[in-house]
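Since the structure comes first, as structure tokens, the remarks are kept for the end.
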Amino acid sequence: MFKSIVALTIILFLLACSNARPAKATPTDQREAYAEASRRVQEAGREGMKGVEYKGGDGSSDQNAVVIANVANVFGCVSAQYAWLDKYYPGYQFIMHTGGEKDGKRLSVISFLYKGQQKKIYFDITECK
């Protein structure tokens, strides 16, 4: 009888522990975590795009894509694309960022508004790591 009570107590204890849920994060905790993650991504982007090279065309089509070269990581590749946009289209309004492959090239396409006109810029990111 004693062994049954001990076994039942252990089973109930284990069930209670397995149903325990972690405390929910507060909105402040979530904002702080997002801000920290965002800071780390931005830092990785800055580090990753040191020495970036822009080659190729003007980005007006996939055949004239701006080639992103000499970046250390994917964050640097993305940061380099937005840095190029900031330089040539200051004050642009972001719409969408898409990607794909064509003719063996990895392409990234950013759609945006600039001075009231919708535009797309094509980046060849094949050399990005």
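Just so it is clear, none of the values below were taken in a lab; they were calculated from the coordinates. All values derive from a computational prediction rather than experimental measurement. For neighbour counting, all protein chains shown are included, and Cβ atoms are generated from backbone atoms with ideal geometry for every residue, glycine included.
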Mean projected area (nm²) from the convex hull of Cα positions in the stretch 31-124 is 6.7
How much FRET efficiency would the formula 1/(1 + (r/R0)^6) give for LYS102 and LYS129, where r is the Cβ-Cβ distance and R0 is 22 Å, rounded to 0.05? 0.65
Label-point separation, THR26 to GLN117 (7 Å along Cα→Cβ), nm: 5.1
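Give me the extension gain from GLN63 to GLN42: residue separation times 0.36 nm, minus the current Cα-Cα distance, reported in nm with one decimal.
Details: separation 21, 0.36 × 21 = 7.56 nm, distance 2.97 nm.
Between GLN63 and GLN42, full extension yields an extra 4.6 nm.
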Total lysine pairs under 24 Å (Cα atoms) in the stretch 31-124, excluding pairs fewer than 8 apart on one chain: 14
